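The values are calculated or read from the model by the stated rules, or taken from the named source; none is laboratory data. Just so you know, these numbers come straight off a predicted model, no measurement behind them. Don't worry about glycine lacking a Cβ; one is built from the backbone with ideal geometry, like all the others, and counts go over all protein chains shown. Only protein heavy atoms, including side chains, enter the accessible area calculation; ligands, DNA and RNA are left aside. Shrake-Rupley method; radii C 1.70, N 1.55, O 1.52, S 1.80 Å.
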Amino acid sequence: MKPVKVGICGLGTVGSGTFNVLKRNAEEIARRAGRGIEVAQIAQRRPNPQCDTGSTPITAEVLAVADNPEIDVVVELIGGYTLARELVLRAIANGKHVVTANKALIAVHGNEIFAKAREQGVIVAFEASVAGGIPVIKALREGLAANRINWVAGIINGTGNFILSEMREKDRTFPDVLAEAQALGYAEADPTFDVEGIDAAHKLTILASIAFGIPLQFDKAYTEGITRLTTADVGYAEALGYRIKHLGVARSTDQGIELRVHPTLIPADRLIANVNGVMNAVMVNGDAVGSTLFYGAGAGQEPTASAVVADLVDVVRAMTSDPENRVPHLAFQPDALSDHPVLSIEACESAYYLRIQAKDHPGVLAQVASILSARGINIESIMQKEAEEHDGLVPMILLTHRVTERHMVEAITALEALDDVVGDVVRIRVEHLN
Ligand code: HSE
């Protein structure tokens with residue numbers, strides 16, 4: 001059978017990895033796919049020394065790949081929302097299948113893209129968009145199809161996890177580690193996407209839609225970054241038996257779906273609390289299977305290429321099947337998506353870590369306890385340190401039971417208004433993941 005002809009758009013970190021893996025493992029891949037996969041065109045703006053493209057035709061015009069009648073599958077690896085959207089929609093309109101690693105594109109424009117793909121009967125595959133090389137979309141969409149999913153929680157930004165791990169283990173500074181993550185090709189073109197949780201929110205949006213059968217709703221995701229975390233909080237969390245991770249949490253409740261990314265204390269003995277460096281991990285809790293954990297490299301050249309090429313193999317295998325019988329983009333049949341709402345962060349519930357800087361006076365603890373109890377907030381534990389020499393202030397660290405964010409925000413406002421409380425109360429959510 002003739003090989004399937006693929007056009008790779010973008011020859012950066014992931015594009016060059018994809019080209020190299022396709023070339024190196026061509027024989028194995030053909031044995032799996034049932035046909036060869038030939039890169040018939042590459043769109044690149046500048047040469048990439050990490051990739052010997054040999055005699056493969058090159059163009060500087062990405063849209064030329066979408067218009068090339070020879071190409072069966074367009075691989076979109078240029079990133080961003082604008083040109084990538086145009087490229088993908090053009091490829092679909094021209095009857096081509098699409099493979100993309102672009103989480104921003106899928107999270108923001110996926111509903112539109114999937115609708116067009118259904119009209120044209122083509123596949124849009126996007127495994128590499130979430131958690132790099134971990135086949136978590138496939139696991140959630142196919143392997144766990146029997147389950148009602150209760151929650152998904154994941155470390156889904158490699159750069160952020162690398163920064164937090166290096167800061168904790170080696171006492172390195174934030175900018176220093178971020179610069180290394182950029183040099184290693186982990187970070188987004190705009191690294192604020194990594195450290196402010198936007199990249200993780202893109203990925204969480206995709207996971208939530210596949211887990212719960214809801215349309216993609218990135219605009220409703222709550223996002224909080226890691227830039228304000230201090231080594232003091234990392235240390236107090238450790239002393240209490242927790243690790244701080246930048247976690248994406250999607251939880252189904254009777255009221256709606258929680259969709260949130262924020263720094264989170266996790267008990268240090270959970271496997272996921274020990275996921276370090278650029279590694280990602282996603283926990284999925286289903287009613288039949290219980291808790292599962294998917295772990296692996298969440299970013300980087302060949303781990304991400306692994307997912308792109310696996311999608312290509314899936315596309316090749318599915319090319320002859322009836323479009324109505326293919327695996328649906330968001331796991332659920334398109335006419336069976338639910339309108340269960342995504343909750344605002346105020347309606348979400350979690351336990352909390354609070355750090356209060358208080359004056360060293362009698363009765364402060366009683367005032368703090370009274371503010372919390374008036375709002376039904378149950379204290380799980382309290383740690384009070386000695387007054388600090390430089391300012392005489394006493395750090396007071398509390399862990400609470402679960403409470404809605406609305407009540408916690410009210411309590412924090414009241415705490416910050418106390419004469420004996422100095423500065424902002426530090427608040428980090430806690431998830432026990434059990
Ligand atoms: N910037 C992303 C990360 C790349 O660090 O996880 C993979 O999506």
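Structural remarks
- At q = 0.11, 0.19, 0.23, 0.25 Å⁻¹ the log10 of I(q)/I(0) for the range 218-321 amounts to -0.51, -1.18, -1.29, -1.31, computed by Debye summation with a single uniform scatterer per C-alpha, solvent ignored.
- Net charge over other residues, Cβ less than 11 angstrom from the Cβ of ARG402 (K, R count +1; D, E count -1): -3
- Cα Rg over Rh - the range 78-220, Kirkwood: 1.01
- Within the range 350-393: backbone nitrogen closer than 16 Å to the ASP419 label point (7 Å, Cα to C-beta): 358-368
- Share of alpha-carbon pairs per 5 Å distance bin for the range 136-297, given as whole %: 2, 9, 19, 22, 20, 15, 9, 4, 1
- Ignoring the sites themselves, the chain has its longest run without trypsin sites (Lys or Arg not before Pro) in a DSSP loop having at most 12 other Cβ atoms within 10 Å at 229-434.
- Residues whose amide H lies under 5 Å from that of VAL99, counting only those 5 or more places away or on a different chain, are VAL74, VAL75, GLU76, ALA125; hydrogens are built 1.01 Å from N in the peptide plane.
- Evaluated over the range 349-430, the Cα radius of gyration and Dmax, each in Å: 11.9, 36
- Counting lysine pairs in the range 136-297 that sit 8 or more residues apart in sequence, or on different chains, and whose Cα atoms lie under 20 Å apart gives 4.
- Whether the range 40-139 is rounded, prolate or oblate, judged on the alpha carbon gyration tensor where a/c under 1.5 counts as rounded: oblate
- Scalar couplings 3J(HN,Hα) for the range 417-434, obtained by applying the Karplus form with A = 6.51, B = -1.76, C = 1.60 to θ = phi - 60°, are 7, 5, 4, 8, 9, 10, x, 7, 7, 7, 10, 10, 6, 10, 10, 8, 6, 10 Hz; x denotes Gly and Pro.
- Evaluating 6.51 cos²θ - 1.76 cosθ + 1.60 at θ = phi - 60° for every residue in the range 65-74, the Karplus couplings come out as 5, 5, 9, 6, x, 6, 7, 8, 10, 9 Hz, glycine and proline recorded as x.
- Computed from backbone phi, the HN-Hα couplings of the range 146-156 come to 7, 8, 8, 7, 8, 7, 10, 9, x, 8, 10 Hz, rounded to whole numbers (Karplus: 6.51 cos²θ - 1.76 cosθ + 1.60, θ = phi - 60°; Gly and Pro given as x).
- Annotation: amide H-H contacts under 5 Å for CYS51 (H modelled 1.01 Å from N, sequence separation of 5 or more, or interchain): none.
- Difference of contour (0.36 nm per residue) and Cα-Cα distance, VAL409 to ASN94: 108.3 nm
- Amide H contacts for ILE257 (H built 1.01 Å from N in the peptide plane; partners 5 or more residues away or on another chain; cut-off under 5 Å): VAL342, LEU343.
- Most to least accessible of ASP254, ASP424, ASP199 (protein chains only, probe 1.4 Å): ASP254, ASP424, ASP199
- Directionally averaged projected area (convex hull, Cα atoms, the chain), nm²: 21.7 nm²
- Compactness of the range 301-412 is given as radius of gyration and Dmax, 25.6, 76 Å, from Cα positions.
- Per-q log10 I(q)/I(0), the range 1-68, q = 0.14, 0.29 Å⁻¹ (Debye; single scatterer per alpha-carbon; no solvent): -0.40, -1.32
- Neighbour net charge for THR173 - beta-carbon separation under 14 angstrom, K R +1, D E -1: -2
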